[in-house]
Structure formats: structure tokens, C-alpha cells
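The values are calculated or read from the model by the stated rules, or taken from the named source; none is laboratory data. As the structure is a computational prediction, the values presented were derived from the model and not from experiment. Note: ideal-geometry Cβ built from the backbone for every residue, glycine included; neighbour counts use all protein chains shown.
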Amino acid sequence: EAPPPADEHPKGVEAVLRNCHAGRRILLAEDNPVNREVALELLTEVGLEVDTAADGVEAMEKAGNRDYALILMDVQMPRMDGLAATRAIRALPGWRDRPILAMTANAFAEDRQACIGAGMNDFVAKPVEPEELYGILLRWLEPAGDGAGQTMAGTRPISAPIRDNPPETADAAAEPIVWS
């Protein structure tokens with residue numbers, strides 16, 4: 001059973017993520033070094049183990065060689081963009097149902113549809129607000145102890161609609177992280 005939406009947790013999503021998923025390994029595919037460093041800091045703050053890829057080719061290679069609980073995939077990257085990388089990763093053994101989450105500043109409906117069409121499960125808009133990122137991760141990470149790194153069959157279809165409106169954050173005063 002998937003965890004309840006982040007806004008249903010009485011304590012902050014950051015604490016829930018840390019308590020329930022510390023030590024889980026994820027892949028962050030991001031070509032911009034500053035964005036990659038900022039995201040790495042946010043993710044390791046909540047106890048996640050993070051491998052990074054600087055482009056889609058590297059992301060595909062890493063996904064083929066290691067189990068990840070999920071992938072955060074920048075959409076616009078050199079050599080192979082996030083959409084092509086997602087399609088390639090979906091063809092790898094064990095990756096049909098694992099979550100791949102788009103990260104992009106392009107939040108138009110056609111961009112979201114392209115993400116769905118490529119097989120992405122959800123969307124993290126840039127600039128990223130930490131609480132929103134944590135809430136989305138909490139929504140998609142499989143509960144610890146239930147076979148981390150195995151497929152997510154039965155929890156959510158790949159074609160799940162990408163949200164049109166991001167959830168309200170627990171701390172509306174938090175400053176957004178500006179990524180390009």
C-alpha cells in the first residue's frame with residue numbers, strides 16, 4: 001500500500017521522509033552542477049542515499065547497473081534528454097513500474113503530457129520548494145521494508161495523471177530553491 005499523501009501526515013513531510021525512508025538509494029539525473037549540488041543537499045538532509053548522473057546516458061547506465069527506489073530526472077540534458085532516458089530506462093529489466101519523476105522548469109500542459117508519454121510518474125516543478133519535493137518523494141517511495149528497489153506493481157500505474165496543482169506546503173513561508 002502506498003503511503004498516504006504528504007499533506008495527511010500530522011508531522012512535517014521532511015521528518016516523515018527521514019523517519020520512513022532514510023538510507024533509501026535514489027538516482028538524481030541533473031546536468032547543471034549547481035542544481036545537482038542543491039538537490040543533493042536537500043535529499044541527503046532527509047537521509048536519502050543519492051547517486052548522480054550528469055546526463056541521460058549516464059542515468060540509463062546507472063539504472064541498468066544498480067537498484068534505485070526512484071529516479072529524479074531532469075528533462076533537458078545533453079547527450080540524451082530526460083524523456084529519451086526515461087523511455088530507455090523503462091525498457092530495462094525491473095524498471096517498468098518503478099517511479100521516475102520529472103524535474104523541469106517547463107510546467108506547461110504539453111510538457112507534462114510529454115513527461116507522461118515518456119513514462120514518467122509525476123512532476124517536480126523548478127524552482128523546487130523543499131517541502132513540495134519531500135512531499136512528492138514521500139508519495140512515491142515504497143514503504144521501507146517492503147522490498148526496496150523492487151517494482152511498484154499495484155501501487156500506482158505509470159500513466160497516473162501528473163498533478164495540475166501542486167499541494168500546499170506545510171510551511172508557506174519557506175523560500176523556494178531557484179533552479180534553472
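Annotations
- Within the stretch 44-61, residues that are acidic (D, E) sit with their Cβ atoms under 8 Å from residues that are assigned to a strand (DSSP E or B) and surrounded by fewer than 17 Cβ atoms within 10 Å (Cβ to Cβ), at 6+ positions apart or across chains, in these pairs: E49/R25; D51/R25.
- Filtered residue count, the stretch 63-74, keeping only those that are surrounded by fewer than 17 Cβ atoms within 10 Å (Cβ to Cβ) and assigned to a helix (DSSP H, G or I): 2
- Residue-level analysis places A91 among those that are surrounded by fewer than 21 Cβ atoms within 10 Å (Cβ to Cβ) and among the hydrophobic types (A, V, I, L, M, F, W, C).
- Among residues of the stretch 90-146, those that are in a strand (DSSP E or B) and in contact with a Gly (Cβ under 9 Å, 6 or more places away or on another chain), counted: 4
- Taking the stretch 96-122 as the range and being within 22 Å of L48 (Cβ to Cβ) and modelled with pLDDT under 90 as the test, only T104 passes.
- Any hit, the stretch 75-87, residues being under 30 Å from G12 (Cβ atoms) and not in a helix (DSSP H, G or I): yes
- For the stretch 32-48, a residue qualifies if it is touching a strand residue (DSSP E or B) at 6+ places or on another chain (Cβ under 8 Å) and loosely packed, with under 14 Cβ neighbours inside 10 Å, and exactly one does: T44.
- Residue within the stretch 12-29 that is part of a loop (DSSP other than H, G, I, E, B), more than 21 Å from G119 (Cβ to Cβ) and at pLDDT below 95 present: yes
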